[in-house]
Amino acid sequence: MIIRERLKKLVLILDEQKLYEDVHMQDGNSAVKNFFRTQHNGTLSCFPYIRNIDLTRLHIIRDLYNRLWELTAHVNRNFGFSLLTNVGNDLLAIISNSYWIFINFNNYSNTMEQLLQSTSNALLSLPHMFNVLSLALLCEETLQKTTEIAYGLHNLETCMPNNHQYNIVIEQFSLQLLHQKITFSAAGFFNINCRLLYSIAGATTTYLIILIQFQMSGDRVPQNCTISTDNV
């Protein structure tokens, strides 16, 4: 959540940077443009003061993003194993509770005890589902902020087509976003995002089918053993 909030502020800063360029560079009646016309013989080819401010702000944004990337690496390095055990425990709990719900409904005899057991298993699964859902959505929302930063950089580049130095810094920042991707992983085994929900749903279905097959085959084995014993 801390990283997400910091990325939100970076996105807002980039949006303000774009609005600043729109106001001062595209408005024909701008006082700033008129000032530089008088200072540079009626031309708008050089904006040293505005350029220095923009470059300074963009360098600060790059440095802040680099620190956030280092913070993400620190989180993955120190809390990756706990995230792995947390998600693994949730997966096992969801699978086991789903299995017992199936067993109760398979042997359902309209008794209050079995109804309470199925209800308790369903309630026990809800906190684990909520834990995985909230974790995946939080990480996915954080990752979307890096995409918004990339979109903001693209808009900034189109606002300043003639400023070579400005575009060089934007290109370097784009490469930084490409190589320093913010991701959250569970000790390197898998990334935590919305795709994790599909993986957990698929794993739950697969293991539940396997357990049901073992249960059905286990119900048939004692009958065969009894028959063979009687024949002997």
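The values are calculated or read from the model by the stated rules, or taken from the named source; none is laboratory data. Here the structure is a predicted model, which means the values were calculated and not measured. Cβ: placed from backbone, ideal geometry, glycine included. Neighbour counts: every protein chain shown.
Given the criterion at pLDDT below 80 and either within 23 Å of K8 (Cα to Cα) or loosely packed, with under 15 Cβ neighbours inside 10 Å (or both), identify the matching residue among R57, R51, R67, R77.
Numbers: R57 fails: at pLDDT below 80; R67 fails: at pLDDT below 80; R77 fails: at pLDDT below 80.
Of R57, R51, R67, R77, the one residue that is at pLDDT below 80 and either within 23 Å of K8 (Cα to Cα) or loosely packed, with under 15 Cβ neighbours inside 10 Å (or both) is R51.
So for the range 81-98 (the condition being surrounded by fewer than 16 Cβ atoms within 10 Å (Cβ to Cβ) and either modelled with pLDDT under 85 or among the hydroxyl-bearing types (S, T, Y) (or both)), does at least one residue qualify? Break it down into steps so the answer makes sense when it comes.
Here is the first cut: in the range 81-98, the residues surrounded by fewer than 16 Cβ atoms within 10 Å (Cβ to Cβ) are 81-82, 85, 88-89, 92.
Retained after the next criterion (residues that are either modelled with pLDDT under 85 or among the hydroxyl-bearing types (S, T, Y) (or both)): 82, 85.
Yes, some residue in the range 81-98 is surrounded by fewer than 16 Cβ atoms within 10 Å (Cβ to Cβ) and either modelled with pLDDT under 85 or among the hydroxyl-bearing types (S, T, Y) (or both).
Answer with yes or no whether T147 is of a type in the set (V, I, T), exposed (fewer than 15 other Cβ atoms within 10 Å of the Cβ), assigned to a helix (DSSP H, G or I) and modelled with pLDDT of 85 or more. Yes, satisfied.
Inspect all residues belonging to the range 17-35 and state whether any of them is exposed (fewer than 15 other Cβ atoms within 10 Å of the Cβ), at pLDDT 80 or above and among the small types (G, A, S). Taking every residue of the range 17-35 in turn, none turns out to be exposed (fewer than 15 other Cβ atoms within 10 Å of the Cβ), at pLDDT 80 or above and among the small types (G, A, S). Selection within the range 69-123: residues that are hydroxyl-bearing (S, T, Y) and not in a helix (DSSP H, G or I). The member of this set that is farthest from I210 (Cα to Cα) is T111. If you go through the range 99-136 and keep only what is within 26 Å of I3 (Cα to Cα) and either surrounded by 14 or more Cβ atoms within 10 Å (Cβ to Cβ) or of a type in the set (G, A, S) (or both), you end up with H128, M129, N131, V132, L133, S134, L135, A136.
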